[in-house]
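To keep things clear, I will list the structure first and then write my remarks on it.
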Amino acid sequence: MDWINQVRGILGKYVDRQPPTPPGVQPGVEHEADFSAVQRDFDELLKRVPRESLVTALATAFRSEETPPFGKMVAHMFSQSKDEQKAGVLNHLLAINPSSASDELLRFLSSRNITPEEAHAVQPGTVERIANEAARKDAGIVEHIASYYLDHPNLLKTLGAGPLASAIRHLGDQMVERRPRALGLS
């Protein structure tokens, strides 16, 4: 719980609100200053917050109505990835039960261990479909993908301020929920 005390100031900026909008910028419009502030806050949280809490926060952001659909975000990060990272995310997505997979997913599953060379040939639209199907078949895949991308935070940052702020907001919500319990108030 000590991590909450270390990052209370950062999380407090996100609880029950969007991150502050710079003067002269229309609220809800992503601005470079917003994104820089969110990136700095996210970088600080990566250093101080337990991995399990970060995975939960990212998975919540991936499922949020406030962010693009899960498959779209995974496809975007995939398109920004090196071939080794592409193979890694595909292998995580393909870890679902083969008996519940579509023909498209089965074609990838037949390899069972996608190589960087194979991953290079996969189009982001295919990854989007596979990610959406995997999430429908196995809800836990979202946490697996969140965990994978925590090892590649620069790819997470390609999503923009919205998804990162959503993850930080979830951590702030955890802080608010835990504080009353820690004080014996709930």
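The values are calculated or read from the model by the stated rules, or taken from the named source; none is laboratory data. Predicted model, so just to flag it, every value in this text is computed and none were measured. Because the Cβ atoms are built from the backbone with ideal geometry, glycine has one as well, and the counts that use them run over all protein chains shown.
The table for this structure:
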{"item": "Scan of the stretch 84-98 for residues that are surrounded by fewer than 16 Cβ atoms within 10 Å (Cβ to Cβ) and modelled with pLDDT of 95 or more, ordered by number", "result": "84"}
{"item": "Sole exception among (1) in the same structural domain as residue 177 (by TED's automatic domain parsing); (2) at pLDDT 80 or above; (3) not small (Gly, Ala, Ser) for residue 1, by number", "result": "(2)"}
{"item": "For residue 136: the one exception among (1) over 17 Å from residue 88 (Cα atoms); (2) in a helix (DSSP H, G or I); (3) touching a residue at least 40 places away in the same chain (Cβ under 8 Å)", "result": "(3)"}
{"item": "The stretch 37-93, residues that are small (Gly, Ala, Ser) and under 15 Å from residue 166 (Cβ atoms)", "result": "37, 53, 57, 59, 61, 64"}
{"item": "Answer residue from the stretch 103-136, given it is buried (at least 16 other Cβ atoms within 10 Å of the Cβ) and more than 17 Å from residue 86 (Cα to Cα) and is modelled with the highest pLDDT among those", "result": "135"}
{"item": "Pair list, Cβ < 6 Å and 6+ apart or interchain, from the stretch 65-80 residues that are within 14 Å of residue 152 (Cα to Cα) to residues that are small (Gly, Ala, Ser) and assigned to a helix (DSSP H, G or I)", "result": "74/131"}
